[in-house]
Ligand code: SAM
Ligand code: SF4
């Protein structure tokens, strides 16, 4: 068969089978979806196990030490002379050529801004034209080219990356170094993608970026984030919009008021606070204080009292003492987050905090993490139990993992609900009475009559 990529034409004796393993966040997941679409368009065939693949791509995350370690452990296990192994994503960007020196089984390394080169690089690797590294940073538009690929089977809810990179340089974070500066996609391109998804049955879009509130600010004359949301609101068929991640210093009053103004914008927000101590927030370089963070939460609740609030928090940042940690716990008590993603601080290369004095011993970090997680599970369970008896609008997504005949869906405030229903309800917004609240989900019962 013939696989073509621009001017490049590659002869392949048989169909190439590929497998993509993805580590990290929703943004990495969406990138893998786009690479998947790109490879399929070139005639490659996906398989569900690395064992049957000719090409294995590992999409990596280096935000914390643990996912990075997992990547190297997987690559070590993948070694096989018959297979082509490529590494993409943040770890690929971070190590570049050194990845090839370190891992003899890796054939190519593709950085975060070169994903659209994958078919070309795979064809070179197939032709045994040496081991390849492509980790240069390109112009903003080229670096986002892979996102033009339409998703293969988008389902009911789909991710749409609106921007990449970050300009904030929080002292602990590797993202600006491995992802580069903020780059927004053209609004027309995003709107065309959302229209296409709506035509293909998608009801909910989740807009992705490291700091979505700053969408468009790097593109003079294009839409800002609030303007983009107002335009998406008008696209027929899209019932719900979510976005991650918002940065507390960039979440302004205009964005907060969109939760009340736009019907599509769901009442849930992910607003990482990282620490409850002003001293630590300053060392982190976050650009807000505890009081400023709490004021944003108040404003959000003034606009939408029922809004669900989730966040990220780091424990054991260099210099964090018991008093700082207790301030983090007290902020959690005050806000009553619906859920929390909590991390033990790990020093990352290139970052300022890695060189800070007062690195906290591992056993103290672990102890603090445990204390924090116990408190949060109590709060989460309490808040989920408070849903019992309520009638919620649920967007039905897909068959549930648990009992046969059950479907799963999400409430507008982003809680997962399982309920008995036929598969045909997927894509509909229905009324579900909440029967029980658990730690990670709710159990419900469909109310009303639906046309199946
Ligand atoms: N842009 C988002 C923001 O500003 O909150 C977060 C993006 S970051 C990829 C996801 C989360 O990883 C952060 O919110 C932070 O809690 C955590 N994180 C980042 N660097 C870390 C580090 N060195 N150690 C532990 N956790 C870290
Ligand atoms: Fe990292 Fe801070 Fe940028 Fe978030 S805002 S990606 S934590 S540097």
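Listing for the model above:
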item: Shape box of region 255-333 [Cα atoms, principal axes, largest first, Å]; result: 44, 22, 17
item: Isotropic mean projected area of the C-alpha convex hull, region 329-378 (nm²); result: 4.3
item: Residue 253 versus residue 217: modelled label distance in nm, points set 7 Å from Cα along the beta carbon direction; result: 1.8
item: Net lengthening on full extension, residue 404/residue 367 (0.36 nm per residue, minus Cα-Cα); result: 9.4 nm
item: Rounded FRET efficiency, nearest 0.05, which uses the C-beta distance separating residue 312 from residue 128 and R0 of 45 Å; result: 0.55
item: Computed P(r) (all Cα pairs; the chain; 10 Å bins; percent); result: 4, 19, 28, 28, 17, 4, 0
item: Mean separation of Cα contacts under 8 Å (6+ apart) over length of region 304-452, as relative contact order %; result: 20
item: Size-normalised alpha-carbon gyration radius of region 71-139, reference 2.2 N^0.38 Å; result: 1.02
item: Whole-percent pair-distance distribution, where bins are 5 Å wide, for the alpha carbons of region 120-261; result: 2, 9, 17, 19, 18, 14, 10, 6, 3, 1, 0, 0
item: Cα-based convex hull, region 32-170, per residue volume (Å³, whole number); result: 136
item: Residue 420/residue 378 FRET efficiency (R0 22 Å; Cβ-Cβ; nearest 0.05); result: 0.15
item: Percent breakdown of C-alpha pair distances by 10 Å bin, ordered from the shortest bin, for region 362-430; result: 19, 34, 25, 16, 6, 0
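Quick note: the coordinates plus some simple rules give every number you see, no bench work behind them. None of the values given here were measured: they were computed from a predicted structure. Reconstructed Cβ throughout: ideal geometry from the backbone, glycine too, with neighbour counts over all protein chains shown.
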